[in-house]
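Just below is one structure, and these are the notes that go with it.
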Amino acid sequence: MRIIAGSHRGLALASVGKGDAGAHLRPTADRVRESLFNALMGGRYGDPVDGARVLDLFAGTGALGLEALSRGASHVTLVDDGRVSGRLIRENVAKMRVVDRVTHLKCDATRLPAAEAPADLVFLDPPYGKGLGPRALASAVAGGWIAPGALIVWEESAPQPAPEGFSPLDARRYGDTHVTLMERDG
């Protein structure tokens with residue numbers, strides 16, 4: 001895994017190794033990440049990354065949030081309570097030397113504390129098929145984590161319906177990964 005573009009382009013990220021099967025750690029593949037960011041930056045959504053506050057729920061290695069930082073996001077909050085994920089996130093943040101622009105919340109993404117500031121861009125990549133995505137979004141809204149008009153990028157094994165308070169924008173498929181784009185109403 002590596003950072004695809006931006007100020008840290010080509011930087012190799014920490015190796016997942018055997019990962020954490022119990023925590024369903026499955027990083028977004030470089031090609032999927034590249035295609036996803038190309039779609040986001042392709043004009044239809046303006047430039048949702050530049051200067052954005054980013055929330056990465058079920059962050060795993062932190063690759064999605066860190067890619068956004070490399071491409072111009074101002075701050076990223078990585079949320080993951082896994083032991084292996086925590087180690088990988090710390091390694092990747094140190095490799096990029098962005099500790100001052102990253103917050104790592106070691107908590108359950110479905111039970112978030114109150115936010116200091118809302119995010120403009122949210123990555124949501126829960127363990128597939130467990131119904132955690134809607135719960136995490138509800139927790140993020142309740143905690144003030146998602147700004148009105150924020151773009152949500154939801155990875156799952158199937159396209160996801162937009163929950164109440166969100167409007168669907170697009171759905172894309174990358175192999176076994178389905179990405180649903182939606183916007184928070186407001």
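What follows draws every value from the coordinates through simple rules; no lab data is involved. This structure is a prediction, so every number in the text was calculated from the model and none was measured. Note: ideal-geometry Cβ built from the backbone for every residue, glycine included; neighbour counts use all protein chains shown.
Taking a ≥ b ≥ c as the square roots of the eigenvalues of the Cα gyration tensor, region 67-112 is classed as oblate, since a/c reaches at least 1.5 and a/b does not exceed b/c.
Taking the convex hull of the alpha carbon positions in the chain and averaging its projected area over all directions gives 9.2 nm². Along the chain, counting only GluC sites (Glu not before Pro) with a DSSP assignment other than H, G, I, E or B and at most 13 other Cβ atoms inside a 10 Å radius, the longest segment between sites is 1-115. Dividing the summed -39500 (n - 2.57) terms of all DSSP H runs of n ≥ 4 by the residue count of the chain sets its mean residue ellipticity at 222 nm at -7000 deg cm²/dmol. Result for the chain in a Gaussian network model with C-alpha springs under 10 Å: among 151, 11, 64, the largest mean-square fluctuation is at 11.
Placing +1 on the Cβ of every Lys and Arg and -1 on the Cβ of every Asp and Glu, with nothing else charged, gives the chain a dipole about its Cα centre of roughly 580 debye.
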